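J.: Supplied in structure tokens, the structure appears directly below.
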Amino acid sequence: MKKLVMFFAIMIMALTVAGKDIKTLVLTTNPQMHCESCENKIKNNIRFEKGVKSIETDIAAQTVTIVYDADKTTEDAIIQAFAKINYTARKVSEGEAVEHCHEDSGCCKKK
């Protein structure tokens, strides 16, 4: 009996995990990130958006990679979340080169 209960518990967990639609979105922002302050502002605000699982930023490549649950949010909703923190986000196409920020351009206010 214990084996049967354990089998059903494992099957239910497997179906729950298999049912999630986890996707990855790579974005670039305007203004572009060029310092730790920019990076932290994005990470600390976007991580609270519904469905966001993880956020990775790459200052050198000027990208933000977000792993999210597509059952809970959409690409458009994530992009709109950037507007709340005064950034314009744009999806990066595969293989696309992103122009880099120049520190003297004033694109970011250091604290």
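Read-outs: derived from the displayed coordinates by stated rules, not from any lab. Every value quoted in this text rests on a predicted model; they were computed, and no experiment measured them. Glycine gets a Cβ as well: all are built from the backbone with ideal geometry, and neighbour counts include every protein chain shown.
J.: How much length is gained if the chain between Ala83 and Val5 is pulled fully straight, taking 0.36 nm per residue apart and subtracting their Cα-Cα distance, in nm to one decimal? Could the numbers behind the result be given before it?
T.: Values: separation 78, 0.36 × 78 = 28.08 nm, distance 4.82 nm.
Difference between extended and current length: 23.3 nm.
J.: Over the Cα atoms of segment 54-93, what radius of gyration and what Dmax do you get, in Å?
T.: Rg and Dmax of segment 54-93, Cα atoms, are 10.5, 31 Å.
J.: Also: What is the spin-label model distance, in nm, from Ile12 to Asp71 if the labels are put 7 Å beyond Cα along the C-beta direction?
T.: 1.5
J.: Please give me the summed charge of the neighbours of Val67: other residues whose Cβ is under 10 Å from its Cβ, Lys and Arg +1, Asp and Glu -1.
T.: Values: positive: Lys23, Lys53; negative: Glu56, Asp69.
That works out to 0.
J.: Please give the FRET efficiency for Asn45 paired with Glu94, using the beta carbon to beta carbon distance and R0 = 25 Å, rounded to the nearest 0.05. Don't jump to the answer; show the numbers that get you there.
T.: Details: r = 26 Å, r/R0 = 1.05.
So the FRET efficiency works out to roughly 0.45.
J.: Could you tell me which of the pairs Lys20/Lys41; Lys2/Lys72; Lys3/Lys43; Lys2/Lys53 are separated by over 32 angstrom between their Cα atoms in the structure shown?
T.: Details: Lys20/Lys41 28 Å; Lys2/Lys72 35 Å; Lys3/Lys43 44 Å; Lys2/Lys53 34 Å.
Checking Cα-Cα distances, Lys2/Lys72; Lys3/Lys43; Lys2/Lys53 exceed 32 Å.
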